[in-house]
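Everything on this sheet refers to the single structure shown next.
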Amino acid sequence: MSCGRQSKKPVTGESDRRTSDDAGLVRLLEMAMRNSVEKISAMLQVPILIDGAAVTPAAAGLIELPASTPCTAVLLGIRGETGGNLLMSLTNAGAVTLCEMAPDEFKQYMPEPAERLQALMEELGNLLASTYLDVFSDVAGMRLLPTPPRFLRLSTEALCESLLAPLAEGPASPGARLFTSHLVLRSPLTRMLIASVFPGDAVRRILEGARKCMPELF
Amino acid sequence: MSIPPNSSGASRRKTTVLVVDDAIYSRVALRRILETESDFEVIAEAENGVEAVKKYKLYRPDVVLMDIVMPEQDGIEALRDIVSFDPSCRVIMCSAIGQEKMLTTAISLGAKDYILKPPVAEKIISSIRLVVSTGPQ
């Protein structure tokens with residue numbers, strides 16, 4: 001990580017600042033995703049691509065699939081110096097495909113597919129969240145850790161509610177942001193949604209840290 | 001040191017390992033790695049920090065492979081408790097968290113090594129051999 005470099009161009013108005021902030025956060029999200037992909041790819045022994053990265057106001061919610069689409073997911077809380085949540089989700093059909101990617105030795109040890117899927121998803125969620133939060137922690141200079149994963153089989157709408165729950169429970173958090181990206185696992189093709197939500201105060205600290213430590217992002 | 005019932009005593013004593021991880025996937029992966037070495041024996045497994053401390057006291061393993069993010073009690077707290085019970089313990093952290101602060105915290109509390117997940121067989125085996133050959137106990 002390279003601290004102390006100059007920003008690309010000066011930012012003047014409030015609107016420019018917001019655009020620049022979100023652009024920087026998208027680049028940070030891409031860094032976090034690359035860090036996670038390296039580890040997940042090593043675990044599953046399959047090539048993985050990152051498909052897109054977006055940062056939006058958390059109030060916008062997740063507009064992904066029809067609200068009633070049944071999904072398989074793991075949800076992890078973010079703890080340490082802030083709150084938040086991280087979700088890793090795929091359709092039930094995608095989950096069946098993912099389950100088949102488990103190493104043979106694991107299939108022998110855990111022959112029941114539902115049990116195997118849950119174990120695999122929890123491990124993937126833990127690996128993803130830890131490596132993803134490492135990048136945000138380094139940049140923001142604060143300790144962000146995942147909680148143990150929670151395995152869920154819910155509709156897209158219910159998953160979105162669970163993801164955004166920390167914001168609904170606490171005081172209003174106007175600067176809260178939703179970070180979304182997708183992982184595409186090749187052969188067989190499987191698409192996985194990765195979404196995280198950070199409250200406004202955490203977003204401000206991440207931005208402050210990133211502007212200081214990695215101004216080239218903005 | 002008390003030897004568990006399944007140790008023969010006739011042959012060369014194996015290095016006993018306690019595997020601590022809440023994820024069954026990781027425990028299976030670590031067990032499979034350790035089973036490739038004839039001189040290693042997984043003496044017990046634990047799913048959280050509380051269980052880890054109990055099983056450490058019961059089995060007195062040569063080495064503990066310890067995850068960090070776990071329910072009930074995390075790996076850092078369990079490390080603290082095990083070191084307090086047995087300052088000569090050999091605990092190797094095995095976690096997906098790569099934050100430098102976490103590494104320095106673990107090492108300052110008495111962890112002998114810190115391995116990043118996903119576990120690579122060669123790294124796990126060489127780390128255990130190194131801490132057994134150099135550390136006290």
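The values are calculated or read from the model by the stated rules, or taken from the named source; none is laboratory data. If you're wondering where the values come from, they're calculated on a predicted model, not measured in any experiment. A quick note on method: Cβ atoms are made from the backbone with ideal geometry, for glycine too, and the neighbour counts reach across all protein chains shown. For the accessible areas, the whole protein counts, side chains as well, though only heavy atoms, and no ligand, DNA or RNA atoms are used. Shrake-Rupley method; radii C 1.70, N 1.55, O 1.52, S 1.80 Å.
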Specify the angular offset, from 0 to 90 degrees and rounded to the nearest 10, of the alpha carbon long axis of helix A:113-140 from the longest principal axis of the alpha carbons in chain A. 20
Quick one, can you get me the convex hull of the C-alpha atoms of chain B expressed as volume per residue in Å³? 99
Check each residue of segment A:132-146 and keep those whose accessible area, probe 1.4 Å, is at least 40 Å² smaller with all protein chains in place than in the chain alone; give them in order of residue number. A:D134, A:R143, A:L145
For segment A:14-217, divide the Cα radius of gyration by the Kirkwood radius and give the resulting Rg/Rh value with two decimals. 0.97
Spacing of the two label points (7 Å from each Cα toward its C-beta) at B:F85 and B:E72, in nm: 1.2
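Of the heavy-atom accessible surface of chain B (probe 1.4 angstrom), what whole percent is carbon and sulfur?
Details: 3190 of 6130 Å².
In chain B, the share of accessible area belonging to carbon and sulfur is 52 percent.
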Ordered by residue, what ³J(HN,Hα) values in Hz, to whole numbers, does segment B:26-31 give under the Karplus form 6.51 cos²θ - 1.76 cosθ + 1.60, where θ = phi - 60° and Gly and Pro are x? 5, 5, 5, 4, 5, 4
What do you get for the angle between helix A:156-169 and the principal long axis of chain A? Use alpha-carbon atoms, 0 to 90 degrees, nearest ten. 40
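Ignoring ligands, DNA and RNA and using a 1.4 Å probe, state the total buried accessible area between A and B in Å², rounded to the nearest 100.
Working: alone 10680 and 7240 Å², together 15800 Å².
That pair of chains buries around 2100 Å² in total.
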Using modelled amide H (1.01 Å from N, peptide plane; none on Pro or chain starts), what sits under 5 Å from the amide H of B:A44, excluding residues fewer than 5 places away? B:V17, B:V19
Percent relative contact order of segment A:153-209, based on C-alpha pairs within less than 8 angstrom and at least six residues apart? 33
If I compute solvent accessible area with a 1.4 Å probe over the protein chains, what percent of it on segment A:14-217 is carbon and sulfur? 54
Quick one: length gained pulling A:A168 to A:T69 fully straight, 0.36 nm per residue minus the C-alpha distance? 33.4 nm
FRET efficiency for B:D39 and A:R17, Cβ-Cβ distance as r, R0 = 45 Å, nearest 0.05? 0.15
Reduced to Cα centres, the span from segment B:68-93 to segment B:95-110 in Å works out to 12
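So what is the relative contact order for segment B:15-121, in percent, with contacts set as C-alpha pairs under 8 Å and at least six apart?
On the way: 192 pairs, mean separation 26.5, N = 107.
For segment B:15-121, the relative contact order is 25 percent.
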So, how do all the Cα-to-Cα distances of the protein assembly as shown break down into 10 Å bins, in percent, from 0 on up? 5, 24, 30, 23, 13, 4, 1, 0
Where segment B:15-121 is the region considered: accessible area per residue in Å², 1.4 Å probe: 36
For chain B, what is the mean residue ellipticity at 222 nm derived from helices alone (per DSSP H run of n ≥ 4: -39500 (n - 2.57); sum divided by total residues; nearest 500 deg cm²/dmol)? -13000 deg cm²/dmol
Mind pulling the angle between the C-alpha long axis of helix B:121-134 and the longest principal axis of chain B? Nearest 10 degrees, somewhere in 0 to 90. 70
Share, in percent, of DSSP beta bridges within the protein assembly as shown that are antiparallel, nearest 5: 70
For a protection proxy built on the mean count of beta-carbon atoms within 10 angstrom, sort A:111-119, A:152-160 highest first, please. A:152-160, A:111-119
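Take every Cα pair under 8 Å in chain A that's 6+ residues apart, average their separations, divide by the length, and report that relative contact order as a whole percent. Write out the running numbers ahead of the final one.
Details: 379 pairs, mean separation 78.2, N = 218.
Relative contact order, chain A: 36 percent.
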In whole Hz and in residue order, list the ³J(HN,Hα) couplings for segment B:105-116 that follow from phi through the Karplus curve 6.51 cos²θ - 1.76 cosθ + 1.60, θ = phi - 60°; x for Gly and Pro. 4, 4, 5, 5, 7, x, 5, 8, 7, 9, 10, 8
For the ranges B:38-47, A:39-48, A:81-90, B:89-98, what's the packing order if you count other beta-carbon atoms within 10 Å of each residue, average per peptide, and put the highest first? B:89-98, A:81-90, B:38-47, A:39-48
